[in-house]
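The values are calculated or read from the model by the stated rules, or taken from the named source; none is laboratory data. Bear in mind the structure is a predicted one, so any value in this text is a computation, not a measurement. A quick note on method: Cβ atoms are made from the backbone with ideal geometry, for glycine too, and the neighbour counts reach across all protein chains shown. All accessible areas refer to the heavy atoms of the entire protein, side chains included, with ligands and DNA or RNA removed. Shrake-Rupley method; radii C 1.70, N 1.55, O 1.52, S 1.80 Å.
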Amino acid sequence: MYYKGRRYGGLVQQPLGSILKRARMARHLTQQVVADDICSQPMLSAIENGRYTPNADLLIALCQRLGIDLNSLQLADNYAVGTATQFNQTVEKLCNQHQYTDLLKFLKQDDVISAIQSDTQTQAYYYYLSVATFQASDSPDLAQIKQILKLALASAPESQSILTRLIQITLALVSALGRHADQATKWLAKATEQIDQTPFEPNVTVIYYLSALTQFNLGQDVKSAASAARGLEVAAAHDSHYLFANVYYLLAILAHRNDQADKQQLAEQRSVTFSELFKEPVYKPDH
C-alpha cells in the first residue's frame, strides 16, 4: 500500500479528557483502577483534565478498558497544541523515502504528539500512524490498524475531505485483507460516494487504486479493473502519473487471473515503464 500524505452527524464534540472521565465515573471506577497496567494515575488525571495528549496505544487501551466505542469517539478542537510544520516536513520526507520504521518511531515521540494543534492535524497524525504501522511490519496487526484509523475518523471534520476518504478506503482495504467483506463493502461505499464530483488532486488517484485493490482482495475482478481504469482516466485527464506503475501492475495481475495474456503483457510493460521513469516502488499483492 502506498499513500500520500466528519465529525459523525448528530454527535456533539467534547474534550477527549471529559469523555474518558465521564465514562470512568459512569462505571464508578477510580483513576487508579482504570490506569492500572496502562499508565500512572497522575497521567490519567492529566489526560482527563486536558493537560496531556495520549499517544494512540495509550488512548486505545483506555477506551477499551472504559468500553468507549472508537466508532463514535469525538475529539475536541483543542485536543492537541503546538505547530505541525516540522511534523509535516519530516512525515513527507520519511514517506517519500518509504522509511516506515523510522516514521513509526518518529510518530510515537511525545514532542511530535504535543506539536499537533487542530482536528485536521490530529486526523492526519493517526492516518500516517496507521500507514506506518502497516508498512513497518511483515505481519501487521490488522485489528490494531483499524483502531488507529477509527481514531483518525473521530477527529475528521464534517465535510467529506480527501483525507477522510483516504482513511475510509484504507479501512475498506484492511477489512478486505482481514476477510471482513461486509465491512470492506461499507467503507468502500463511503470512500467513493460522489468521488467523480470531487476536485482533483493526486490523492484522488490513491482512492481509485485502493478501491481497486480492495475489490481485488474481495474477488471482484471486474469491479477492480473498472476502478483501476477509472483512476487512470481521471489522473490522465489532469496530467498526473501518480501511482500509474502500481495501477498497471494490478491490472496485469487481474489479466493473468482471468487468462487475458495480451492485456497482461501490455499492463506489465506499462507498469515497468512508469516504475522506472518515475522511480515508483510497486506494491505486489498476493495472487
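Remarks
- Being open to solvent by 50 Å² or more (accessible area, probe 1.4 Å) and not acidic (Asp, Glu) is a property that does not hold for Thr170.
- For the stretch 208-241, filtered to residues that are exposed (fewer than 15 other Cβ atoms within 10 Å of the Cβ) and acidic (Asp, Glu), the residue that is nearest to Ile167 (Cα to Cα) is Glu233.
- Scope the stretch 193-207; condition open to solvent by less than 20 Å² (accessible area, probe 1.4 Å) and either of a type in the set (Ser, Thr, Tyr) or in contact with a Phe, Trp or Tyr (Cβ under 7 Å, 6 or more places away or on another chain) (or both); matching residues: Thr205, Val206
- For the stretch 54-67, filtered to residues that are among the hydrophobic types (A, V, I, L, M, F, W, C) and at pLDDT 85 or above, the residue that is nearest to Ser130 (Cα to Cα) is Leu62.
To keep it simple, each residue is scored yes or no on (1) open to solvent by 30 Å² or more (accessible area, probe 1.4 Å); (2) in a loop (DSSP other than H, G, I, E, B); (3) modelled with pLDDT of 60 or more.
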residue: Tyr2; (1), (2), (3): yes, yes, no
residue: Gly10; (1), (2), (3): yes, yes, no
residue: Gln14; (1), (2), (3): yes, yes, no
residue: Ile19; (1), (2), (3): no, no, yes
residue: Gln32; (1), (2), (3): yes, no, yes
residue: Ile47; (1), (2), (3): no, no, yes
residue: Tyr52; (1), (2), (3): yes, yes, yes
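- Yes/no for Phe244 being at pLDDT 90 or above and either surrounded by fewer than 22 Cβ atoms within 10 Å (Cβ to Cβ) or in contact with a helix residue (DSSP H, G or I) (Cβ under 9 Å, 6 or more places away or on another chain) (or both): no
- Test for Thr185: is it polar (S, T, N, Q), open to solvent by 20 Å² or more (accessible area, probe 1.4 Å) and within 23 Å of Leu218 (Cα to Cα): yes
- Just one of (1) farther than 22 Å from Ile19 by Cα; (2) modelled with pLDDT of 90 or more fails for Ser161. It is (2).
- Residues that are modelled with pLDDT under 90 and charged (D, E, K, R) within the stretch 211-241 comprise just one, Asp239.
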